[in-house]
Every structure is written in C-alpha cells, then in structure tokens.
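Novice: Below you'll find the structure I mean.
The values are calculated or read from the model by the stated rules, or taken from the named source; none is laboratory data. As the structure is a computational prediction, the values presented were derived from the model and not from experiment. Glycine gets a Cβ as well: all are built from the backbone with ideal geometry, and neighbour counts include every protein chain shown. Areas reflect the complete protein model, heavy atoms only, side chains present, ligands, DNA and RNA absent. Shrake-Rupley method; radii C 1.70, N 1.55, O 1.52, S 1.80 Å.
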Amino acid sequence: MVEIKNLVVVGAGQMGTGIGQVALMAGFNITMVDIKDEYVDKSYANIDEGMKKLEAKGKFSEGKTAAGYMANCKKSIDMASAVKDADIIIEAVIEDMNIKKQVFKTCDENAPAHCIIASNTSTMSISEMATATNRPDKVIGMHFFNPVPLMRCIEVIYGDKSSDENIDAAIGFAGKLPCLRGDRYIAKVLKDRPGFIVNRITAPVQIYQNYIFDKAEAEGKTWEQLDNDSGGPMPTCVLADYVGIDTIYHGLKYYEKTLSPDFAPGKIIARMFNEGKLGAKTGQGFYDWSKGRPKPDKKAGKARLFKLKYPIAIMLNEGCRVLEEGIATSWKVCDDALMAGMNMPGPMAPNVNNSAKQVEVLNELVELTGKKYFEPCELLKSAKWVDMK
Ligand code: CAA
C-alpha cells in the first residue's frame, strides 16, 4: 500500500485551503497549487492565519509551532513540477468536468506511478475523471465538507475502476486528518453516483428550495424572513451563500443532466449566478457579506413558506434511493454522514416506523410543485429499508 508523506492540493480556493491546513496539522508535507500567484498566496496566508490561531490557543503539542508547520507548506503555479514527488493529489478546482479532466491528465503524466489522484468534487463522476489518466485504479473521490477544519465528514468514493488497496490507503490518510470539532467520520461510498451520499440526500431539497425562493420573491418576502422559517446551524440562504451560488448552480446543472430535469436551477439561483453574486466568496449573494457572516434578525419575522416536513420526507426518499442504488448499504451510514458533513440530523432513524406517513407527504408535494422527482421510490413504499441497518 502506498505510504503517504507528500500531498499536493490542486485548486487553492476555500475547500483546497481547508484540506491543505488539516493535512499540514497531521504532519504531511503539502503543496498548494493554483493558476495564479495571488490565489496560492491568499491560500498560504489563510493557512498561516489558522495555524497561528491554533498556536495562540495552545492547541499544538509540545515543541510544535505554527512556523514549524508552515515550513512544510509550499506553493506553486506549476502543476506539472509540483506533483513530481506527490504520494497523493487532491483536486479541488471548479466543478467543470473538462477542467477537472485536464488537471487529472497533467497530474497523471507528471506524478510518480504510485501516486493516488483524488477529486474533491461535490457531485461529479470519478470514473469519468479517471478516463483522462492511465491509472484508473488509483483515481478515487475524497469529498470534504466546508469548512474542512470544522466539519467531520470525509466521503471516500470508489470510481468504477478504483482498487480496494487505494481506497484503503485513502481511508487511512483521511483518518489522520484532524478536525477541530471532534473525530473524523469517514463514509465509504460504494458507487460512483451523482452527489455520493450526503449531497445526494440533500440535493432534491434544492428543488423544493428553488420553488420556495421563487414563491418568496413573488410574494415580496425577504431572504431574512425566509431564513427565519428554517433556523439550523446555518439557515437556507446563509448556507447557500456560504457554500457558493456557483457551486450550487453547477451542482444543479449536473443533477439536471444525470438525475432529472426537475433539478434545473430556479430563477433566483440562475439570476444570482449570471450576475456574479456568488455569496461569501464575492461578498454578495442572498446577503451582503462585507461585515462577515450575516445573522438573520428574528425581528424581521417569518415568511411562513418553508415547511420542514417536506425536506424531511424528501431526504428520507433520497436516502432510500441511495440504498436502492447500492451507494451505501446501511441507513445508519446515511444518517451519520449527514450529521458529520452538515451538522444536520439524518432523515432515516426518526422515520423507521413512519414510511407510510412520509409517502403521503411526498405525494402531497408532487401535487403542490408538479415535480415528479418527489414521487416516493419503491424501497420507501415497501418500508424494507428499515432492515438495512
Ligand atoms: N483554523 C483555526 N481555527 C479555526 C479555523 C481554522 N481554519 N476555522 C475556524 N476556526 C476556529 C474559529 O476561530 C473559532 O474559534 P473560537 O471559538 O475560539 O472563536 C472556532 O474554530 C469555531 O469557528 P466558528 O465560530 O466559525 O464556528 P461556529 O460555531 O460558528 O460553527 C459551523 C460553524 C460548524 C460551520 C456551523 O455553522 C455549521 O455547522 N454550519 C453548517 C455548515 C455546513 O452545512 N457545511 C456543509 C456545506 S455542504 C458542503 O460543504 C459540501 C459540498 O460539496 C458543497
């Protein structure tokens, strides 16, 4: 099995930076790669800032310092030479299959033969990326959640040709990456299907959100009022801005192509994407982020449009599809991954005695929205999923 010492992260945005930081904290040598000096400089500065914060809080073991860790952090805008000593590469560039394949091709041509090449894609086919290489057994998915240092889940994903040995090496590596909020949870994803486990289960909630965003605008409600309907660690519009409207838009386009036309981006998301209002990263999305993360004011009142019973039924149905398609074999893995990836209770355990009721809710939602994707799947209707612990 490959011994991992050197990690190269290609794509020094928010996700890549988080991945680089936790790998550095675990004692790996890292190189952050991007296409412009300003991007890698910013990423390096953010990692440095995070490490200094941890040092100031006394989080490092005896003799370790932020400067000591940073000595193992390199930056580069020359991907071909940066990967020449890599044991593992994690690609975290934008969600564009052509760009990802180009990255995989360059990495494959220049990295040592033993090197694993992983993608941090949120949705896209690992197997398709592998076709750009001559090492499909060493191409896998490693999907992290934002912010990487604080979210416990990492999905390790089989492409059609990934070998067990390389998946096991990646799981071993992932397990060493610290999380500031508890133990890492590694979810093994058995099939390369759009969205894997966590994003797949939450993906169709976005069809419902598209419906709600449009309705809120038509009825003159504010995003703050809409966010006051939901709550949670980050309410709907804050989380959308935080994840990035571009990431959501590209994800929806991909699901539209691979799962159902019902996923087509709604009017609001498409408009924000086209206007470049991408959320936290551009300073403006649903909210203005210039003064930091927005906190919806409770005094603004509620829109009274978002009904929690629908996302719960939608996620249960999608969890059953995840099991039907063999992406995971246990509903407990689905629930645990959701909690570790999004700090959100999974939809399955609370519904073990409740399939019939949720089938009714889904049928009601099909009536309300006209979206056939919400129709209950066979496994949910049969209630046989409850035995798949
Ligand atoms: N380095 C060092 N310290 C860091 C750090 C870093 N990189 N990042 C954060 N910290 C520290 C902060 O300084 C803070 O320290 P203090 O408590 O001393 O002030 C501490 O960690 C906690 O940080 P926050 O104050 O930001 O944390 P919070 O309590 O507000 O919780 C959260 C933040 C955990 C992210 C919470 O809001 C949450 O659970 N949100 C949901 C996020 C989510 O759903 N993510 C998944 C999105 S989907 C995705 O990512 C998948 C995809 O494919 C797109």
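Novice: Would you check the accessible area of R152, probe 1.4 Å, heavy atoms only, in square angstrom rounded to 10?
Specialist: 60
Novice: Give, as a single signed number, the net charge of other residues whose beta carbon lies under 13 Å from the beta carbon of A300, with Lys and Arg counted +1 and Asp and Glu -1.
Specialist: +2
Novice: When the chain is modelled as a GNM with alpha-carbon springs shorter than 10 Å, which of F144, F60, F173 fluctuates the most?
Specialist: F60
Novice: State which entries of K53/K84; K176/K281; K332/K381; K138/K253; K52/K74 exceed 23 angstrom in Cα-Cα distance in the structure shown.
Specialist: Cα-Cα > 23 Å for K53/K84; K176/K281; K138/K253; rest within.
Novice: Now, a different point. Take the Cβ-Cβ distance between A218 and S330 as r, set R0 to 51 Å, and report the resulting FRET efficiency rounded to the nearest 0.05.
Specialist: It comes out at approximately 0.80.
Novice: Using heavy-atom solvent-accessible surface (probe 1.4 Å) with all chains present, what is the largest-first order of E256, E95?
Specialist: Order by accessible area, largest first: E256, E95.
Novice: Nearest 500 deg cm²/dmol is fine: what mean residue ellipticity at 222 nm does the chain get from its DSSP H runs of n ≥ 4 alone, each adding -39,500 (n - 2.57), divided by its residue count?
Specialist: Dividing the helical sum by the residues of the chain leaves -13500 deg cm²/dmol.
Novice: Taking amide H positions as placed in the peptide plane 1.01 Å from N, state which residues far from T31 in sequence (5 or more) or on other chains have amide H under 5 Å from it.
Specialist: For T31, whose amide H was placed from the backbone, the distant partners under 5 Å are L7, V8, V9, K74.
Novice: Taking the alpha-carbon distance from K215 and a cut-off under 17 Å, which lysines remain once sequence neighbours fewer than 8 residues away in the same chain are dropped?
Specialist: Excluding near neighbours in sequence, the set is K267, K302, K307, K371.
Novice: While we're looking at this one, here's another question. Sorted from largest down, what three extents in whole angstroms do the Cα atoms of region 6-192 have along their principal axes?
Specialist: Principal extents (Cα only, largest first): 45, 33, 26 Å.
Novice: Quick check for me: using +1 on Lys/Arg Cβ and -1 on Asp/Glu Cβ, what's the dipole size of region 200-300 about its Cα centre, in debye to the nearest 20?
Specialist: So the magnitude is around 220 debye.
Novice: About its Cα centre, how strong a charge dipole does the chain have in debye, to the nearest 20, once Lys and Arg get +1 and Asp and Glu get -1 at the Cβ?
Specialist: 900
Novice: Then there's this: For a distance above 19 Å, tell me the whole-number percent of Cα pairs in region 184-261 that qualify.
Specialist: It works out to 44 percent of all Cα pairs.
Novice: Report the FRET efficiency, 1/(1 + (r/R0)^6), for E38 and N274, where r is their Cβ-Cβ distance and R0 is 22 Å, rounded to 0.05.
Specialist: Efficiency, from the Cβ-Cβ distance: 0.35.
Novice: By accessible area of protein heavy atoms, probe 1.4 Å, what ranking do M15, M129 get, highest first?
Specialist: The most accessible residue leads, giving M15, M129.
Novice: Along the charge dipole of region 209-261, pointing to its positive end and built from +1/-1 on Cβ of Lys, Arg, Asp and Glu, which listed residue (L226, T236, I248) has its Cα farthest out?
Specialist: Towards the positive end, the residue furthest out is I248.
Novice: Roughly how many percent of the accessible protein surface of the chain is carbon and sulfur, given a 1.4 Å probe and a whole-percent answer?
Specialist: 50
Novice: State to the nearest 20 debye the size of the charge dipole of region 6-192 about its Cα centre, where the only charges are +1 on K and R beta carbons and -1 on D and E beta carbons.
Specialist: 520
Novice: So what is the accessible area of the chain per residue, in Å², with the probe set to 1.4 Å?
Specialist: Counting only protein heavy atoms, the per-residue value for the chain is 44 Å².
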